[in-house]
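Only one structure is covered here, and it is reproduced in the block below.
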Amino acid sequence: MTLIDRRTLLAATLAIPALRTATAQGAWPTRPVTLVNPWPAGGSSDTMTRIFAQRFSQVFGQQFVVENRTGASGTIGHNFVAQQRPDGYVLLLATNSTYAIAPHLISPLPYDNRAAFTGISLVARTAQAVCVHPSVPVTTIQDFLAYVRARPGEINFSSAGIGATSHLATELLMAAAGLDMMHVPYRGGAPSAQAVLAGETKMSFIDAITALPHRQAGTLKMLAVSTARRTPLAPDVPTLQDAGVAGFESSTDMALMAPANLPAPIVARLTEAVKVAVADPAFRAQVVAQGADPVGGTPAEFGPYWTAEFDKWGTLIRARGIRIPT
């Protein structure tokens, strides 16, 4: 461990008692807190929610209980949280597929996508990998792009559903690289990945943590990652920007949110708790082991990010004519 790492660990360790003291003085929380995950149990979003719930339970001295409220591209969970009192006892770990993408595809929403929530902090970013079935005769991402261009409309891809980040990442890739592929939507990330493994589809964006063991087993090829930086889980796998797809960046981004008008002192404590957590090397290692990058940040930083994500995916959805069938 370097001197800088020791100082970071010491600062994070010393900050936890200070947070507990502030919590005691502010009389929140005095009972268990519900942390809503709007996606099914067992996925990467659920895992990350449980990691943060465990950390918050330690920091605040009250149990943070994960509750999965799923369906309708995450909007059922969001709608539940939007209707709760802003007292800090119901929080939300949201993904950009819901807070930035779903509003462009589901109309009308049962809540106001911006006015119904307090955005607290972007907490983690998960890389996805361009994965193909072993039968696809390519070894690099450049090979794959050329292979698809030579077969317009012939190659199919799977996704976790219309509007999922795996779907939008592929649409972004097709727009940026001049590709034409057929979309086969599934009901979730696990069946979408299984479709590639079974050869039902040829390609999909799959969370890096999910793809890695299959790559090691030789049951799929992991050609590139979607983020601007390479994932430490597979540092030899290039980014799409490395491969020449200029400006390409897509990820599953997780954010801590709450009902609108959450009192400023609670917002401040949660923001500080996230800051301390992502500065802790042991906590960072726990998040990285799940294929994610810890982020952290303030509500003031989250607002412009939320706007940029909303605008980015809205522009793509309109340009590509993406719709959820009614």
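The values are calculated or read from the model by the stated rules, or taken from the named source; none is laboratory data. Since we're looking at a predicted model, the values are computed, not measured. Don't worry about glycine lacking a Cβ; one is built from the backbone with ideal geometry, like all the others, and counts go over all protein chains shown. Accessible surface is based on the protein model in full, side chains and every heavy atom, while ligands, DNA and RNA are left aside. Shrake-Rupley method; radii C 1.70, N 1.55, O 1.52, S 1.80 Å.
Details
- Note on Ala282 and Glu154: the model spin-label points, each 7 Å out from Cα along the C-beta direction, lie 5.6 nm apart.
- Local electrostatic count at Arg151 - Lys and Arg +1, Asp and Glu -1, tallied over other residues with Cβ under 12 Å: 0
- Extending 7 Å from the Cα toward the beta-carbon at both Arg320 and Val65 defines two label points whose distance is 3.9 nm.
- Fraction of accessible area attributable to carbon and sulfur, segment 127-243 (%, probe 1.4 Å): 52 percent
- Separation of segment 116-169 and segment 193-262, taken as the distance between their Cα centroids, equals 7 angstrom.
- Over all other residues within a Cβ to Cβ distance under 15 Å of Ala169, the charged ones net out to -2, with Lys and Arg as +1 and Asp and Glu as -1.
- Residue-level accessible surface for Lys202, protein heavy atoms, 1.4 Å, Å²: 70 Å²
- Order by protection proxy (mean Cβ within 10 Å, highest first), peptides 99-106, 282-289, 213-220, 67-74: 99-106, 67-74, 282-289, 213-220
- Here the contact order of segment 198-301, divided by its residue count and restricted to Cα pairs under 8 Å and six or more residues apart, works out to 21 percent.
- Computed over segment 127-243, Cα set: Rg, Dmax in Å: 12.5, 34
- Local charge for Ala319 was computed over the other residues whose Cβ lies under 12 Å away, with Lys and Arg +1 and Asp and Glu -1, and equals +2.
- Calculated FRET efficiency, Gln58 to Ala146, Cβ-Cβ distance, R0 = 45 Å: about 0.35 to the nearest 0.05.
- Segment 266-326 versus segment 65-109: alpha-carbon centroid distance in Å: 14 Å
- Modelled spin-label separation between Asn261 and Gln84, with each label point placed 7 Å from Cα along the Cα-to-Cβ direction: 1.7 nm.
- Per residue, segment 127-243 exposes 39 Å² of solvent-accessible protein surface, assessed with a 1.4 angstrom probe and all protein chains in place.
- Probe 1.4 Å - accessible area at Ser107, Å² to nearest ten: 110 Å²
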